[in-house]
Structure formats: C-alpha cells, structure tokens
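Notes follow once the structure below has been shown.
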Amino acid sequence: MKTIRDFDLDGKRVIIRVDFNVPIKNGIIQDDNKIRESLNTIKYAINNDAKVILLSHLGRVKEVADLPKNDLEPVSIRLGELLRKKVLFINKTRGSELENAVNNMKNGDVILIQNTRYEDLDGKKESSNDKELGKYWASLGEIFINDAFGTSHRAHASNVGIASHLPSGIGFLVEKELKNILPVIEKPTHPFTVIMGGSKVSDKIGVIDNLIKKCDHLLVGGGMAYTFLKANGMEVGKSLVEDDYLDYAKKLLKKTDKIILPIDNVVSDSLESNKSHITKEIGPDEMGLDIGPETIELFKKYIDSSKTIIWNGPVGVFENKLYQNGTKSICKMFKKEQTVIVGGGDSASAVINLGYHNKVTHISTGGGASLELLEGKDLPGISVIGD
Ligand code: ADP
Ligand code: MG
C-alpha cells in the first residue's frame with residue numbers, strides 16, 4: 001500500500017483527509033488529541049514543500065441549526081498554534097473563494113476547508129459519497145492522502161470519492177493502525193487470547209465470529225457475559241441480557257469450548273446505588289456490574305500464558321469506581337513481551353483514563369473502524385487506495 005513517503009510532494013497540491021472530529025463546546029475545543037495525532041503527517045507534507053489542503057468532518061449535520069456547533073474554524077486556530085504556522089481557514093466547502101485560495105498557495109502553505117459534512121445539508125452529499133462532490137474536491141489537488149483512520153470504514157466523498165480520482169496513499173496515523181492491527185488478525189502468534197466485554201453481544205457478533213476462529217481462548221466479561229451465562233442456564237437477575245441473542249450464545253457455547261465465562265461477579269441492586277458485593281450466585285434483584293476476584297484470577301491464567309491479546313470491551317462498568325477493578329486488574333496483567341491490541345471507543349478510553357496506556361502495544365484511535373478491522377472486514381477508505 002502506498003504511503004505519503006512514496007510520493008514526491010515538492011510543489012504539489014496535496015489533499016490530506018484528517019480526523020479533526022474533536023469535542024467542541026461553545027466554540028472551545030475540549031480535547032485536542034486528534035489534532036495532535038494528525039501533526040506527523042501534516043508536518044511531513046509541509047517539510048517536503050507540499051501545498052497542504054486539509055479536509056475533515058466534525059459531528060453530524062442534519063439541519064441548519066447543526067452548522068454553527070460543527071464549525072471547524074476553532075480547529076484551524078488550534079492547528080495553527082500547534083504547527084506554529086498560519087493555517088488559512090476557508091469557511092466554504094466549494095466555490096470561487098476556495099478555488100482562488102488554492103490557486104494562490106505557496107509551497108508549505110496550509111489550508112483547512114470547512115467541515116465536509118456541511119455538504120450533508122444538501123442531500124447528504126458527503127456521507128453518501130456523491131460522485132460529483134468527490135470529483136470536485138479531487139480537482140483541487142494532485143495527490144490524496146487518507147490519514148483519517150476513524151472514518152475509513154465509511155465510503156464518503158472526502159475519502160473514497162477523492163481517492164477514486166487522484167494518485168492516493170495513506171498517512172502515518174493510518175499506517176500505524178494497520179501495521180499494529182492487521183498482522184495480529186491475519187497471523188497472530190499463539191497462544192492468542194481475546195478478551196471481550198462491553199455492553200451488548202449484538203454490537204459484537206461480527207467480532208466474536210471472526211476472532212473465535214483464530215484465537216485459542218475468548219474471555220468474556222462485561223454486560224455481554226450475562227447473555228452467555230443465562231444461555232448456560234444461570235440465574236442472572238437484573239443483569240444486562242439480550243434475550244434475542246440467547247440462541248446465538250447457546251449455539252456458540254455448544255460449538256466451541258474456547259469461551260471462558262465469569263465465575264463470580266460484583267453485583268448491586270442498581271447502577272445508582274453505592275453499595276455492591278461479590279457473589280457467585282446473582283439474586284433476582286441484583287445486577288452484575290464487574291467481574292469478581294476469582295474470575296480475575298481465572299482470566300489471569302489465560303492472559304499470563306498468551307503471546308498475543310486482543311481486547312475489546314471493558315469487563316465492567318468502568319465509568320463507576322465501584323466497578324473498575326476487573327478492567328484495571330486486566331490492564332495490570334500485561335507484560336512487555338506480549339502483543340496487546342486494544343480496540344473500541346470505550347475500551348480505549350478505559351485503558352487511557354485508568355492510566356494504563358503504556359501497558360499495551362497499541363490502542364486504536366478509531367472506534368468503529370477498529371471494530372470493523374477486528375471483524376475481518378475491508379475498510380472502504382483504505383481498500384480504495386489499493387496495494
Ligand atoms: P467499545 O466502545 O470499546 O466497543 P462497548 O461500547 O461495547 O465498548 O461497551 C462499553 C460499555 O459497556 C461501557 O459504557 C460500560 O459501562 C459497559 N459495561 C461494561 N460492563 C457492563 C455490565 N456488566 N453491565 C452493563 N454495562 C456494562
Ligand atoms: Mg462503545
């Protein structure tokens with residue numbers, strides 16, 4: 001696959017699709033991590049004398065009222081500060097002002113175009129990969145670089161559309177994600193353990209079905225464990241259960257003995273209560289909100305002997321201090337010589353917020369995109385770039 005390093009960028013108009021989808025409240029950026037993560041690729045293009053044209057989406061635009069809160073201008077200001085360089089913001093997604101600005105660019109200049117999803121107001125042109133829009137954006141540049149991993153699982157005008165018309169490659173961020181995740185999915189070093197948790201089985205069927213074939217063991221915690229435990233005939237009280245997926249769980253448990261379920265739980269009467277206790281048998285009015293200490297020990301045996309680990313889904317309601325212990329304990333188990341990949345939006349924030357990001361090999365930045373990779377799917381924003 002071509003990367004930005006494979007192109008001669010000197011004097012070229014290079015369109016880079018970045019992921020600037022940062023949280024913004026009243027015009028103030030709450031977390032600029034995504035902007036920082038794009039800097040490598042942008043700086044590389046600047047240092048190689050490219051004319052850098054940046055495109056990103058921000059939030060969702062369904063009606064006129066969504067426009068001001070999803071304005072990318074604050075991002076252009078922050079990006080300028082981080083680059084210590086002027087970033088010209090064009091408050092339009094097309095038209096003569098944009099075209100003139102592009103035509104007047106000098107080598108090393110940076111332009112950020114307004115939120116690509118402003119085009120969604122008029123018949124979802126960005127999100128439905130409108131042919132004419134992709135072609136138009138492509139006409140502004142000479143080379144296209146996709147560095148927005150988090151939107152690569154969607155075929156939009158600003159990734160697939162543009163890439164269909166220009167010589168294309170991936171940026172450093174996408175390259176890092178693929179380099180870390182793909183080998184583990186395609187050729188994992190055994191013993192290979194998958195840890196899954198989170199809330200719903202239904203969200204993760206694709207991941208389970210793909211990884212169960214490849215792994216040696218699948219450790220299941222979190223809310224989804226209770227659908228499996230109930231399928232096994234256990235009383236799970238008020239725990240999160242998806243009755244529509246009991247059949248799926250039953251069949252899977254019958255088909256494979258790779259699945260390891262919790263043997264004790266941290267339970268409470270409600271999520272709001274500040275009282276919890278550990279039990280092997282869940283009462284009718286109780287709900288399981290974290291894995292218990294014996295489960296932690298059980299999981300540890302499998303984790304300790306693994307060479308490769310993929311983890312998706314916190315094993316408890318980690319947002320609440322009472323139910324963090326399982327997720328924290330798992331973080332602490334990982335050793336330097338193991339390859340540990342964390343995928344999924346909440347899993348990433350759990351590992352980062354609990355302070356264990358340096359215990360793992362790679363935390364994927366793209367929630368939905370990383371899940372689709374774990375499902376073994378091709379990402380349209382990547383496959384369009386080809387080998
Ligand atoms: P990811 O975004 O990493 O794919 P999910 O979205 O599937 O993960 O799941 C994350 C959510 O699962 C968290 O908000 C967490 O509170 C919830 N969760 C974890 N364990 C339980 C549980 N036992 N009962 C209910 N919800 C749970
Ligand atoms: Mg999630």
Checking GLY161 against (1) surrounded by fewer than 21 Cβ atoms within 10 Å (Cβ to Cβ); (2) free of Cβ contacts under 8 Å to residues at least 40 places away in the same chain, which single condition isn't satisfied?
(1)
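Just to check your reading of the model, which residue among ASN325, ASN274, ASN312 is touching a Leu at 6+ places or on another chain (Cβ under 9 Å) and surrounded by 13 or more Cβ atoms within 10 Å (Cβ to Cβ)? I'd like the intermediate steps shown before the answer.
Working: ASN325 fails: touching a Leu at 6+ places or on another chain (Cβ under 9 Å); ASN274 fails: surrounded by 13 or more Cβ atoms within 10 Å (Cβ to Cβ).
That would be ASN312, the only listed residue that is touching a Leu at 6+ places or on another chain (Cβ under 9 Å) and surrounded by 13 or more Cβ atoms within 10 Å (Cβ to Cβ).
Quick one: would you say ASP285 is acidic (Asp, Glu), under 24 Å from THR189 (Cβ atoms) and surrounded by fewer than 14 Cβ atoms within 10 Å (Cβ to Cβ)?
On the way: acidic (Asp, Glu): yes; under 24 Å from THR189 (Cβ atoms): no; surrounded by fewer than 14 Cβ atoms within 10 Å (Cβ to Cβ): yes.
When the stated conditions are applied, ASP285 does not pass them.
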Out of (1) in contact with a Leu (Cβ under 8 Å, 6 or more places away or on another chain); (2) closer than 20 Å to GLY169 by Cα; (3) not hydroxyl-bearing (Ser, Thr, Tyr), the one GLU119 does not meet is (2)
State which residue is farthest from ligand 2 (Cβ to nearest atom) when the search covers only segment 209-221 and only residues that are under 15 Å from ALA249 (Cβ atoms) and out of contact with any Phe, Trp or Tyr (no Cβ under 9 Å at 6 or more places or on another chain).
ILE212
Can we say ASP216 is closer than 25 Å to VAL351 by Cα, charged (D, E, K, R) and crowded, with 19+ Cβ neighbours inside 10 Å?
no
Can you give me the ranges of the helices (runs of 4 or more DSSP H) entirely in segment 268-387 with at least 3 residues that are away from ligand 2 (no atom under 16 Å from the Cβ) and either closer than 14 Å to THR193 by Cβ or touching a Cys at 6+ places or on another chain (Cβ under 8 Å) (or both)?
293-304
Scan segment 274-293 and tell me whether some residue there is without any contact (Cβ under 8 Å) to a residue 60 or more places away in the chain, of a type in the set (S, T, N, Q), out of contact with any helix residue (DSSP H, G or I) (no Cβ under 6 Å at 6 or more places or on another chain) and away from ligand 1 (no atom under 16 Å from the Cβ).
yes
Considering only residues that are part of a helix (DSSP H, G or I) and hydrophobic (A, V, I, L, M, F, W, C), look in segment 164-191 and name the one that is surrounded by the fewest Cβ atoms within 10 Å (Cβ to Cβ).
LEU182
Given (1) at pLDDT below 95; (2) of a type in the set (A, V, I, L, M, F, W, C); (3) touching a Phe, Trp or Tyr at 6+ places or on another chain (Cβ under 6 Å), where does ILE352 come up short, assuming only one miss?
(3)
If you check every pair at least six apart or on different chains, which have Cβ atoms under 8 Å apart with a residue in segment 19-41 that is part of a loop (DSSP other than H, G, I, E, B) first and a residue that is of a type in the set (Phe, Trp, Tyr) second?
ASP19/PHE149; SER38/PHE20
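The values are calculated or read from the model by the stated rules, or taken from the named source; none is laboratory data. What you are looking at is a predicted structure, and each value in this text was computed from that prediction instead of being measured. Using ideal geometry, Cβ is built from the backbone for each residue, glycine included, and neighbour counts are taken over all protein chains shown.
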